[in-house]
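Report on the following structure.
Bear in mind that the values in this text are calculations on the coordinates, not laboratory data. Since we're looking at a predicted model, the values are computed, not measured. Virtual Cβ from ideal backbone geometry, glycine too; neighbours counted across all protein chains shown.
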Amino acid sequence: MARLIDSGPGCPTPTPLRGASAAEARGLVYDDAVKMETDDLYPLVQDFITPMEWPAIAPLVAAINRLKKEKNAVILAHNYMTPDIFQLVGDFRGDSLQLAREAANVDADIIVQAGVHFMAETSKILAPEKTVLIPDTRAGCSLAASITGADVRLIKEKFPNYPVVTYVNCTAEVKAECHITCTSSNAAQVVEAIAAEWNTDTVILVPDQYLAKNVAAQTGIRVMTWPGACEVHEMFSADDVEQLREAHPGVVILAHPECPPDVLEAADFAGSTSALANYVAEESPNKVVLLTECSMSDNVAAENPGVNFIRPCNLCPHMKRITLENILDCLTEMKHEVEIEEEVRVKAKAAIDAMLALPKTEKPLAFETGRKPMEIEVIAAN
């Protein structure tokens, strides 16, 4: 069950605690030059960072933004980054699909991935000529850790007549073994397209069992899957939804498709992080809860000040390894560069390119809520 925080503006998910020593240890001070460079940025995060904290944060922000210009670097910031990163230093912001598209087209020499390791790998796969840095090499993912390339090879040997789709939340090695990738923005579209291409009614979707079950309910296609799960989203339950409705009459509940199917059945709207953000922007609900990672609500709230947010406090421990400090350090020292064997990269790129070649939708696709959960075959992890 998720821990829920009833919060409006001024009561956000906590950002990392830091003292002035974090900047001072790097020879940075909050002087007139830094103040001039950052004064216009503070309003973007004033609901999340107090005036007392700002002099400790502003020198880090200014130093990062200077280095980006000096080194022709960009920062790709995922929606789960804390507001200090997302709002103040992120050049391109969004979900996995949006960031993958940006990585393929960005005009820069250096990409700093403000996200987890598989995202940095995706950037390197799509832009091998660029230097890709990950601020903390320990920023992993429970889904990516749940399956290996060897596992996929065994799946293909056992089920040679079925296409294998992988959620992008996996390693380059796993992507290299699959026929096509997908994100939560286009999973149903990808499954339908590959089923038609292979002229089959069965598709294997790995490694997220809940995404696979939710896609099966949307498409009517027989989907087989792998016993992986996101450690953040699997904590949400239909009981959480019921309790939220009882405690907050009229609340609109939005769910990510990595949540268990009974959560989507009970929710009002479901989709990728970008789809959730679009819904809030377009519908402006009076009171809303996003059943996804904590910082997502903070970032959407910053852009929708008239909406009251009830925040689900399920933090991703991997995303939270990325901080202003280690972004600055990796860019200063050019450390933690992501490398991928060329043979693996080329095969993985083919799977990603197959996804990117599908017609681009006007906006991220939503999952229809209210559908009964479907039981699907979960391939045993041997």
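Things worth noting here:
- Student exercise, the chain dipole from Lys, Arg, Asp, Glu Cβ charges, in Debye to nearest 20: 360
- For the residue pairs 35/71; 69/363; 156/360; 335/363; 124/320, alpha carbon separations beyond 25 Å are given by 69/363; 156/360; 335/363.
- About its Cα centre, the range 16-114 has a charge dipole of approximately 260 debye under the convention of +1 per Lys or Arg Cβ and -1 per Asp or Glu Cβ, with nothing else charged.
- The distance from the alpha carbon centre of the range 55-69 to that of the range 232-299 is 34 Å, rounded to a whole number.
- Residues whose amide H lies under 5 Å from that of residue 335, counting only those 5 or more places away or on a different chain, are absent; hydrogens are built 1.01 Å from N in the peptide plane.
- Between the residues 274, 328, 317, the greatest Cα displacement towards the positive end of the dipole of the range 229-382, with unit charges on the Cβ of Lys, Arg, Asp and Glu, is found for 274.
- Placing dummy labels 7 Å off each Cα toward the beta-carbon, the span from residue 332 to residue 158 is 4.9 nm.
- Under 5 Å from the amide H of residue 132 lie the amide H atoms of 111, 338, each residue being 5 or more positions distant or on a separate chain, with H modelled from the backbone and absent for Pro and chain starts.
- With the convex hull of its Cα atoms as the shape, the range 39-174 has an orientation-averaged projected area of 9.8 nm².
- Take every Cα pair under 8 Å whose residues are at least 6 apart in sequence, average their separation, divide by the length of the chain, and the relative contact order is 22 percent.
- Given charges at Cβ of Lys, Arg, Asp, Glu: the chain dipole, positive-most of 227, 179, 247: 179
- The range 326-382 versus the range 153-217: alpha-carbon centroid distance in Å: 11
- The range 43-84 shape via C-alpha gyration tensor axes, a/c threshold 1.5: oblate
- Only the Cβ atoms of Lys and Arg (+1) and of Asp and Glu (-1) were treated as charged; on that basis the dipole of the range 91-170 about its Cα centre amounts to roughly 340 debye.
- Using alpha-carbon coordinates, inclination of helix 342-356 to the longest axis of the chain, degrees: 80
- Across the range 282-381, the mean sequence separation of Cα contacts (distance under 8 Å, 6 or more residues apart), normalised by length, yields a relative contact order of 18 percent.
- Mean residue ellipticity (222 nm) of the chain, computed from DSSP H runs ≥ 4 via -39,500 (n - 2.57), nearest 500: -12000 deg cm²/dmol
- Compared with the dominant Cα axis of the chain, that is its longest principal axis, helix 324-333 is turned about 90°.
- Prolate/oblate/rounded call for the range 189-342, Cα gyration tensor, a/c under 1.5 rounded: oblate
- Taking every DSSP bridge with both residues inside the chain, close to 15 percent are antiparallel.
- Three-way shape label, the range 237-295, alpha-carbon gyration tensor, a/c 1.5: oblate
- Under-5 Å amide H pairs with residue 366, H placed in peptide plane, nonlocal only: none
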